């Protein structure tokens, strides 16, 4: 059994970068704010004082001990922040950047793999992208979904478990998430692994990449940045595409992200589909307009996969946290109930619901099969 931590967008730039030990130049190129410090002040107006020059582990708060307790074999997130000191920004309205000297914040959470196929990794140009890749690799974090050229961008990150299983993490970005086609990696150009649409051709591209890399007992995760920022709707075309990734391309876990809030979960032929994991950490506190989606709630998905049973899901737990003062804090009972109701409502179309398990987590339930049992795994 292999246990994965899967989480959505990790956004350590802008306001969060300012409270770490090595803040970047706070100047922004947004219509809304002139300085990254403005996002710190906005969050403080909402929830009180935020300390500065914080320890690298600060932002993970209660999540650090809880995920350590869960002891996943691999921790996989989408890093939606360039890690760079590059000066030239892309003229796109919002640009996320974290000082490379703050990369200890990623190491503090013991992340194994950061997908870089998203709509912010090139916010500071191709130099910023290369800086990001090199910084992550220097500290031993896999960086699939981007590269100095196409072959590197399309290749998986490989995480080896203690008992000899391998986790292959592929990553790709789609235009529905805001990723730009001109950001696609080329034969000689740095960029991201890019899928233009939900077509058969896109399925075939992923299938060829997986076929070239996968061996027996490998678990294949596709980290896919797709869909809009807000809204629970999942189209029939997106569902068909997700199913084809499993049926034809060989994906075992679809790790979807881009939405700022969590979306439905599906179990298809025993394989896990997360249509949208939501943000795991961001600097959005105090920004009005989408309170109904509760994007202040961050979810950690803990999926136990059976490598001996064709990569099928054995158990799924979800641990909610809330973002306060740029830190992940344990969710209240009321927040847990809200997440449970939302996930059950959105996932009921796929015959799934969620129930509370103690005071910290939720568990996936088959409407016909009961609670999925806990499965043993190597720490």
Can you tell me which residues in the range 206-225 are farther than 11 Å from residue 251 by Cα and surrounded by fewer than 18 Cβ atoms within 10 Å (Cβ to Cβ)? 208, 212, 213, 215, 216, 217
Quick check: is even one residue across the range 279-295 under 21 Å from the mean Cα position of the chain (by Cα), crowded, with 23+ Cβ neighbours inside 10 Å and under 26 Å from residue 240 (Cα atoms)? yes
Matching residues, the range 279-291, being touching a strand residue (DSSP E or B) at 6+ places or on another chain (Cβ under 8 Å), under 27 Å from residue 352 (Cβ atoms) and in a loop (DSSP other than H, G, I, E, B): 282
Complete set of residues in the range 200-228 that are assigned to a helix (DSSP H, G or I) and out of contact with any strand residue (DSSP E or B) (no Cβ under 9 Å at 6 or more places or on another chain): 200, 201, 203, 204, 207, 208, 211, 212
Screening 359, 310 for residues that are within 26 Å of residue 242 (Cβ to Cβ) and at pLDDT below 95 leaves only 310
Report yes if residue 13 is surrounded by 15 or more Cβ atoms within 10 Å (Cβ to Cβ) and either at pLDDT below 95 or in a loop (DSSP other than H, G, I, E, B) (or both), otherwise no. yes
When you go through 51, 72, 91 one by one, which is the residue that is in a loop (DSSP other than H, G, I, E, B) and touching a strand residue (DSSP E or B) at 6+ places or on another chain (Cβ under 8 Å)? 72
Given the condition touching a helix residue (DSSP H, G or I) at 6+ places or on another chain (Cβ under 6 Å), part of a loop (DSSP other than H, G, I, E, B), at pLDDT 95 or above and closer than 21 Å to residue 5 by Cα, answer yes or no: does some residue in the range 178-191 qualify? no
Counting only residues that are under 16 Å from residue 53 (Cα atoms), in contact with a helix residue (DSSP H, G or I) (Cβ under 8 Å, 6 or more places away or on another chain) and assigned to a loop (DSSP other than H, G, I, E, B), the range 18-41 contains a total of 7
Of these, 318, 371, which one is in contact with a strand residue (DSSP E or B) (Cβ under 7 Å, 6 or more places away or on another chain), under 22 Å from residue 3 (Cα atoms) and modelled with pLDDT under 95? 371
The range 103-172: helices (runs of 4 or more DSSP H) wholly inside it with 3 or more residues that are more than 23 Å from residue 306 (Cα to Cα) and more than 18 Å from the chain's Cα centre (by Cα) are 125-138, 150-154
Going through the range 72-94 in order, the residues found to be over 18 Å from the mean Cα position of the chain (by Cα) and either touching a residue at least 60 places away in the same chain (Cβ under 8 Å) or surrounded by fewer than 16 Cβ atoms within 10 Å (Cβ to Cβ) (or both) are 85, 87, 88, 89, 91, 92, 93, 94
Exactly one of 231, 270, 276 is surrounded by fewer than 20 Cβ atoms within 10 Å (Cβ to Cβ), over 27 Å from residue 52 (Cα atoms) and in contact with a strand residue (DSSP E or B) (Cβ under 8 Å, 6 or more places away or on another chain), and that residue is 270
Looking at this structure, is residue 246 surrounded by fewer than 24 Cβ atoms within 10 Å (Cβ to Cβ), closer than 19 Å to residue 8 by Cβ and modelled with pLDDT of 95 or more? no
So which of 354, 321 ends up being surrounded by 18 or more Cβ atoms within 10 Å (Cβ to Cβ), part of a strand (DSSP E or B) and under 19 Å from the mean Cα position of the chain (by Cα)? 321
When restricted to 137, 107, 97, the only residue out of contact with any strand residue (DSSP E or B) (no Cβ under 9 Å at 6 or more places or on another chain) and either free of Cβ contacts under 8 Å to residues at least 12 places away in the same chain or buried (at least 24 other Cβ atoms within 10 Å of the Cβ) (or both) is 137
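The values are calculated or read from the model by the stated rules, or taken from the named source; none is laboratory data. All values reported here derive from a predicted model rather than from experimental measurement. Glycine also receives a Cβ, built like all others from the backbone with ideal geometry; neighbour counts cover every protein chain displayed.
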